[in-house]
Amino acid sequence: MATRRIAEVLRSGEPNEAIAVQGWVRTKRELKGFAFVEVNDGSALASLQAVLNQDLPNYEEVLKQANTGASIEISGVLVPSQGKGQRIELQAQSVTVYGEADPESFPLQKKRHSFEFLRTIGHLRPRTNTLGAVFRVRNACAAAIHEFFQERGFLWVHTPVITASDCEGAGEMFAVTNLNLKQVPLTDAKEIDYSQDFFGRPAYLTVSGQLEAEIMAMAFSNVYTFGPTFRAENSNTSRHLAEFWMVEPEMAFCDLDGDMDLAEAFLKHIFKTVLERCPEDMEFFNQRIDDTVLATADNIINNQFERLTYTDAIALLEKCDRKFEYPVEWGLDLQSEHERYLAEEVFKKPVILTDYPTQIKAFYMRLSDDEKTVRAMDILAPKIGEIIGGSQREERLDVLERRIKAQGLDPEIYWWYLDLRRYGTVPHAGFGLGFERLVQFMTGMTNIRDVIPFPRTPLSADF
Ligand code: 4AD
Ligand code: MG
C-alpha cells in the first residue's frame, strides 16, 4: 500500500482511498470501543486523525503504546469525517507502533510550552506546531531565493567557510585551530595549545562570502552565495547569532540603483512565493504569533519601498519628538530603535537608506565624490531593523588601496582583491540578506534563536 505524506492526504485524499501514513502521535483520545489518534509527519501544520476500532487485532496493545511522541504507521481507508475541523479521516485497518514515548518523561505535552523551555529541548522542539511551521517557512524561503536567482541567470557560487581575510574589517572573527586530536584528546582540553593555527598560518571562520563572490562576479557577471557565516560579536540580542546564514548576490556592471532594485524585487518575490506555498503556516503565525504578519506580507508585496539618504534620515530623527536611548547625530551609526522608528512609524514599510558616512562603513564600499559618504545601502524592516546590508563596491585601485590603509588593514592580505581592480575592473554592487532575520520578519517570531534549528549564541550551543 502506498505511503502518503499527510499534507497531500489532507489536501487531496478522497473517501474510499486505501492509504498508509507514518509519523509521530500528537494526541490520543480513548472513547468507548474506539480511539482517535492524531498523527503528524512534519509535512503540514495539521495532523491526520485516525480512528482505531476495538476490533483491531492489537487494539489494547496499541492503545497502551500510542502516546504523544510515539512513532507510528497506520494503514486503512479514508472516510468522510463526522467531526468538525477536518474533511476526512483515516479508518485504521492495521497499526504498527515503531517506538514508544514514555508519557511520564516525554517533555512535549498538548499544552503550549514557552519558547525558552523549548530551547532547552532543541532535539524535540521541531515536533511542535510553531517550530514545525517555522522550519517549513524557512525551507520555502530558501527555495524561493534559489528560484529567484536561477530564473535570472545568477550562478550559485560556493565560497569558503575558512578564510584569511576579514571582509567587514570589524575584527569579529572566530579563529580556526588545527588541533591534533590523536595527540591531545578533547577530554584533555587543558593540555591543548590554542595558539596553534591553520597549518602554520592564521585562519578564521568567514564573516561574509562577499570578497570571494566578487572574484566570481568578475568571471560570471551575476552570482550569489547562500551559506553559513560567523560573527564573534558578544551580543545577546533577539536579532544576533554567532552563526547565521547569509545570501549575497554580487553583480558586475551594476551600480547602487541596480542593487536596490534587485533587493526590492528579491524580497517581494520571497514573500509572494511563501504566501502561495505555505498558506496554513502563515495563517497560523498571524493567529498565534503576531497578528500583523499577513498585513506585513501584503505591504511588502504591494508597496514600493521608501528610499532616502542617511543624511535625510538623521534630519528626520533629529526633529522628531521621540526620545531615543542612543544619541542621533550625523556620523554615528543608527541603532535598531532608530531603524525601527523609521520603518514602523514614519514610513510604515521597508526603508532603503543610502549614502552612509564613510567612517562607519566597510573599506570596500565605493567612495562618493565628496569623500564624506560611501555608496552604501541598508534595508530597514518594521520590527526587525536592518535586514539587508549592501553597497556599490570600490572599483578604483588607487582609492581602494587608500581606503584599506586608512582603516588600518593590511593590503598584503587583500592582494588578490586589489588584483581584481588591476585586471578588467568594472563597476559592481551587491548585498547581504540575513536569512534568519528574513524568517523572523516573515513569521513574526520575536527571537532569532527560534527561527534556526540549532542556534549558536554566546549562551547556547548544546550540540
Ligand atoms: O551588514 P552586513 O555585515 O554586511 C555584509 O556582511 C556584507 N558583506 C554583505 C554584502 O554586501 N555582500 O551583514 C548583512 C546582513 C545584515 O543586514 C543582517 O541582516 C545579517 O546579515 N546579520 C546578522 N544576522 C544574524 N546575526 C548576526 N550576528 C548578524 N550580523 C549581520
Ligand atoms: Mg550591516
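Of everything in the stretch 343-360, what is more than 21 Å from Thr446 (Cα to Cα) and either of a type in the set (Val, Ile, Thr) or near ligand 1 (Cβ under 9 Å from one of its atoms) (or both)? Give them in sequence order.
Across the stretch 343-360, the qualifying residues are Val346, Ile352, Thr354, Thr358, Ile360.
Return a yes/no flag: does the stretch 321-340 have any residue that is under 25 Å from Glu371 (Cα atoms), under 21 Å from the mean Cα position of the chain (by Cα) and surrounded by 16 or more Cβ atoms within 10 Å (Cβ to Cβ).
Yes, the stretch 321-340 contains at least one residue that is under 25 Å from Glu371 (Cα atoms), under 21 Å from the mean Cα position of the chain (by Cα) and surrounded by 16 or more Cβ atoms within 10 Å (Cβ to Cβ).
Based on this model, can you work out whether Asp355 counts as in contact with a strand residue (DSSP E or B) (Cβ under 7 Å, 6 or more places away or on another chain), over 30 Å from Val451 (Cβ atoms) and at pLDDT 95 or above?
On the way: in contact with a strand residue (DSSP E or B) (Cβ under 7 Å, 6 or more places away or on another chain): yes; over 30 Å from Val451 (Cβ atoms): yes; at pLDDT 95 or above: yes.
When the stated conditions are applied, Asp355 passes them.
I'd like to verify a number: residues in the stretch 100-111 that are surrounded by 11 or more Cβ atoms within 10 Å (Cβ to Cβ) and of a type in the set (D, E, K, R), how many?
First, the residues of the stretch 100-111 that are surrounded by 11 or more Cβ atoms within 10 Å (Cβ to Cβ): 100-101, 103, 106-109.
In the following step, the residues that additionally are of a type in the set (D, E, K, R) were identified as 100.
Looking only at that region, the number is 1.
Pick from Ala232, Ala213: which is in contact with a strand residue (DSSP E or B) (Cβ under 7 Å, 6 or more places away or on another chain) and within 15 Å of ligand 1 (Cβ to nearest atom)?
Numbers: Ala232 fails: in contact with a strand residue (DSSP E or B) (Cβ under 7 Å, 6 or more places away or on another chain).
None of the others qualify; the one that does is Ala213.
Pairs please, first residue from the stretch 258-269 and in contact (Cβ under 8 Å) with a residue 40 or more places away in the chain, second anywhere and β-branched (Val, Ile, Thr), Cβ atoms under 7 Å, 6+ apart in sequence or on different chains.
Going by the 7 Å Cβ cut-off, the qualifying pairs are Met260/Ile352; Ala263/Ile379; Ala263/Ile388; Leu267/Ile300.
Just to be sure, is Lys323 farther than 24 Å from Ser208 by Cβ, away from ligand 1 (no atom under 16 Å from the Cβ) and either in a strand (DSSP E or B) or at pLDDT below 95 (or both)?
yes
What is the number of the single condition among (1) small (Gly, Ala, Ser); (2) exposed (fewer than 15 other Cβ atoms within 10 Å of the Cβ); (3) within 16 Å of ligand 2 (Cβ to nearest atom); (4) at pLDDT 95 or above that Ala295 does not meet?
Answer for Ala295: the failing condition is (3).
Quick check on Phe271: is it assigned by TED's automatic domain parsing to the domain that holds Arg136, more than 24 Å from Met365 (Cβ to Cβ) and outside any strand (DSSP E or B)?
Considered against the rule, which asks whether it is assigned by TED's automatic domain parsing to the domain that holds Arg136, more than 24 Å from Met365 (Cβ to Cβ) and outside any strand (DSSP E or B), Phe271 comes out as yes.
Can you say whether Ala50 is more than 19 Å from Ala133 (Cα to Cα), in contact (Cβ under 8 Å) with a residue 40 or more places away in the chain and small (Gly, Ala, Ser), as far as the supplied structure shows?
yes
Enumerate the strands (runs of 3 or more DSSP E) found wholly within the stretch 43-99, keeping only those where 3 or more residues are surrounded by 15 or more Cβ atoms within 10 Å (Cβ to Cβ), modelled with pLDDT of 95 or more and of a type in the set (Val, Ile, Thr).
Here the list reads 88-99.
Can you find a residue that is within 16 Å of ligand 1 (Cβ to nearest atom), at pLDDT 95 or above and in contact with a His (Cβ under 7 Å, 6 or more places away or on another chain) anywhere in the stretch 255-274?
No, because not a single residue in the stretch 255-274 is within 16 Å of ligand 1 (Cβ to nearest atom), at pLDDT 95 or above and in contact with a His (Cβ under 7 Å, 6 or more places away or on another chain).
Just checking, which of Gly132, Gly122, Gly153 is more than 16 Å from ligand 1 (Cβ to nearest atom), surrounded by 15 or more Cβ atoms within 10 Å (Cβ to Cβ), in a loop (DSSP other than H, G, I, E, B) and at pLDDT 90 or above?
It is Gly122.
Across the stretch 367-392, which residue is surrounded by the fewest Cβ atoms within 10 Å (Cβ to Cβ) among those that are more than 11 Å from ligand 2 (Cβ to nearest atom) and touching a residue at least 40 places away in the same chain (Cβ under 8 Å)? First the steps, then the outcome.
If we filter the stretch 367-392 for residues that are more than 11 Å from ligand 2 (Cβ to nearest atom), which is where we start, we get 367-375, 381-384, 392.
Next, only the ones that are touching a residue at least 40 places away in the same chain (Cβ under 8 Å) stay: 373, 375, 381-384, 392.
On the way: Thr373: 21, Arg375: 23, Ala381: 24, Pro382: 22, Lys383: 18, Ile384: 22, Gln392: 26.
Going through the qualifying residues, I end up with Lys383.
Taking into account only those residues within the stretch 390-442 that are basic (Lys, Arg) and either more than 14 Å from ligand 1 (Cβ to nearest atom) or not in a helix (DSSP H, G or I) (or both), which is farthest from Thr296 (Cα to Cα)?
Arg422
Within the stretch 341-353, which residues are buried (at least 16 other Cβ atoms within 10 Å of the Cβ) and more than 24 Å from the chain's Cα centre (by Cα)?
Val346, Phe347
Pairs, please: C-beta under 9 Å, at least 6 apart or cross-chain, first residue at positive phi and in the stretch 143-155, second surrounded by fewer than 14 Cβ atoms within 10 Å (Cβ to Cβ)?
Matching pairs, first to second residue: none at all.
Of the residues that make up the stretch 303-311, is at least one out of contact with any strand residue (DSSP E or B) (no Cβ under 8 Å at 6 or more places or on another chain) and either outside any loop (DSSP other than H, G, I, E, B) or at pLDDT below 95 (or both)?
No, there is no match, as no residue in the stretch 303-311 is out of contact with any strand residue (DSSP E or B) (no Cβ under 8 Å at 6 or more places or on another chain) and either outside any loop (DSSP other than H, G, I, E, B) or at pLDDT below 95 (or both).
If you check every pair at least six apart or on different chains, which have Cβ atoms under 7 Å apart with a residue in the stretch 404-425 that is assigned by TED's automatic domain parsing to the domain that holds Met218 first and a residue that is acidic (Asp, Glu) second?
Within 7 Å, the pairs are Pro411/Glu401; Leu418/Glu401; Leu420/Glu214; Arg421/Glu395; Thr425/Glu395.
Checking Arg449 against (1) at pLDDT 95 or above; (2) touching a Gly at 6+ places or on another chain (Cβ under 6 Å); (3) away from ligand 2 (no atom under 16 Å from the Cβ), only one condition comes out false. Which one?
Every listed condition holds for Arg449 apart from (2).
Looking at Ala164 and the list (1) modelled with pLDDT of 95 or more; (2) under 30 Å from Ala362 (Cβ atoms), which single condition is not satisfied?
(1)
Does Ile352 fit the bill of being assigned to a helix (DSSP H, G or I), β-branched (Val, Ile, Thr) and touching an Asp or Glu at 6+ places or on another chain (Cβ under 8 Å)?
Details: assigned to a helix (DSSP H, G or I): no; β-branched (Val, Ile, Thr): yes; touching an Asp or Glu at 6+ places or on another chain (Cβ under 8 Å): yes.
So Ile352 fails the test.
The values are calculated or read from the model by the stated rules, or taken from the named source; none is laboratory data. None of these values were measured; they are calculated from a predicted model. Glycine gets a Cβ as well: all are built from the backbone with ideal geometry, and neighbour counts include every protein chain shown.
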